[in-house]
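Trainee: Let me give you the structure first, and then I'll get to my questions.
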């Protein structure tokens, strides 16, 4: 059975998250997206865990959870959460986020009992804990060896294992003697497998991709995901496929173009300065406008730690496919700034009505079938994204990258003001 899983999302109890992020809305939009497994997110929050116990029932066949109401939903849930740890390592303050997966809500409750000693779990869906990364793993694994921990959005400048501002240079430095329980890394929006393959010391880890979604909208949830082929869906089968890095069961990840991520390039959003690694180094990582320190992008941070060329592909690596959210593609074709406008939804719903879900549109629908439903420009844009024939203006310092469908460099420069960027040539 094919399982498309987004294992890292958030509930409405996390900061900056939609108030409508409840189990029913998550399941509803997951189905539209084409996901059939989602993480619950935020099981550390006591009120959300209470709601999960109320709204979900254990599916006896899979050991996963489904909605108690409307059990015809094809979407399974798995108990997951994200936590932030803040601790001192070699006189430096480190801030690292981690994803935790548990086989049952009962196991999640036991994890909560332990973690509550290190922070206020009710303060946020993603709580801040005063404990080190290895201590976190030790506490989680003492509850059950079936639990799983991996570093979240591994490369973002803040709050990540390799973050430029408070991270580490290796997994072993971060997790120390508990590294033996770390089997995976989450790439995050601003990096993808080829970027991570440049570090030979990451070869032993399975690369997973998730949305870290704070809303149910299909241009957020499932924008990155993991595709498995399992004999039957279950927590243990999925976790074992990740731990064993089994390409026969873990087929590929769905990745946005890393340039689309908010921290791909080095820059300073207030000054609209966006620089490639080479350009940033020429400026000494100082903003040429305000003279303040630039936010170092993921591409530059990877470059610092890499020991392989950009085109290196390790043996036995899990595959990947680069996609962009369908709503973003449509809004770019229409020339509107937000994918939430009605014109975008009309076209989006036509495609979903015909092909069943968004992933089917993005990955499988033939050109002729697309052209029979929507305008040729939209059909062509979907095919160009599928085939990698697009450009993306790189994201930087909290600004998302932007899809560019134009063919010429002069057209690329005519992007909307909200993402206009300066680069090295503007200061020469």
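Here, each number is a calculation from the coordinates, and none is a lab measurement. This one's a predicted model, so the numbers in the text were calculated from it and none came from an experiment. So basically every Cβ, Gly included, is an ideal-geometry build from the backbone, and we count neighbours across all protein chains shown.
Trainee: I want to verify a result. In a Gaussian network model of the chain, Cα cutoff 10 Å, which of these has the top mean-square fluctuation: 38, 91, 286?
Mentor: 91
Trainee: Here's a follow-up. Return a whole-number percent for the relative contact order of the chain, with Cα pairs under 8 Å and 6 or more residues apart as the contact set. Kindly include the intermediate steps, with their values, before the conclusion.
Mentor: Details: 961 pairs, mean separation 65.9, N = 428.
With pairs under 8 Å counted, the relative contact order is 15 percent.
Trainee: A follow-up question, please. Test of understanding: in a Gaussian network model of the chain with alpha carbons linked when under 10 Å, which of 305, 49, 275 would top the mean-square fluctuation ranking?
Mentor: Evaluated over the chain, the most mobile residue of the options is 305.
Trainee: In percent, how large is the relative contact order of region 110-188, given Cα pairs closer than 8 Å and 6 or more residues apart?
Mentor: Answer for region 110-188 is 25 percent.
Trainee: I need 405, 189 ordered by Cβ neighbour count within 10 Å, fewest first. Write down the numbers at each step before the final one.
Mentor: Details: 405 17, 189 28.
Least to most surrounded, the residues fall as 405, 189.
Trainee: For a quick protection proxy, order the peptides 17-27, 371-381 by their average other-Cβ count within 10 Å, most packed first.
Mentor: Values: 17-27: 18.3, 371-381: 16.5.
Ranking the peptides 17-27, 371-381 by packing returns 17-27, 371-381.
Trainee: Further, regarding this structure: Can you grab the distance from the C-alpha centre of region 5-40 to the C-alpha centre of region 158-186, Å, no decimals?
Mentor: 26 Å
Trainee: Still on this structure, I have one more. With the cut-off at 1.5 for a/c, could you classify region 172-257 from its C-alpha gyration tensor as rounded, prolate or oblate?
Mentor: Values: a/c = 1.66, a/b = 1.17, b/c = 1.41.
Oblate shape, in that a/c is at least 1.5 and b/c is the bigger or equal ratio.
Trainee: Sticking with this structure for a sec: Using Cα centres only, tell me the gap between region 230-284 and region 295-319 in whole Å.
Mentor: Computed from Cα coordinates, the inter-centre distance equals 11 Å.
Trainee: Next up: What value, in deg cm²/dmol to 500, does the helix sum -39500 (n - 2.57) over DSSP H runs of n ≥ 4 give at 222 nm once divided by the residues of the chain?
Mentor: Working: 15 runs with 125 residues, N = 428.
It lands at -8000 deg cm²/dmol.
Trainee: Remind me, relative contact order of region 76-140 in percent, using alpha carbon pairs under 8 angstrom and six or more residues apart? Don't jump to the answer; show the numbers that get you there.
Mentor: Details: 91 pairs, mean separation 24.0, N = 65.
Relative CO of region 76-140 lands at 37 percent.
Trainee: Turning to a different aspect of this structure: Among 60, 327, 11, whose mean-square fluctuation peaks in a Gaussian network model of the chain (Cα, cutoff 10 Å)?
Mentor: 60
Trainee: Right, another one. For a quick protection proxy, order the peptides 221-228, 287-294 by their average other-Cβ count within 10 Å, most packed first. Spell out each step's value before the answer.
Mentor: On the way: 221-228: 25.4, 287-294: 15.4.
My ranking of the peptides, most packed first, is 221-228, 287-294.
Trainee: In terms of the Cα gyration tensor, with a ≥ b ≥ c the square roots of its eigenvalues, is region 98-257 rounded because a/c is under 1.5, prolate because a/b exceeds b/c, or oblate? Working shown, then result.
Mentor: Values: a/c = 1.31, a/b = 1.17, b/c = 1.12.
Because its axes are fairly even, with a/c under 1.5, region 98-257 counts as rounded.
Trainee: What is the Cα centroid distance between region 342-369 and region 58-92, reported in whole angstrom?
Mentor: Here the answer is 29 Å between Cα centres.
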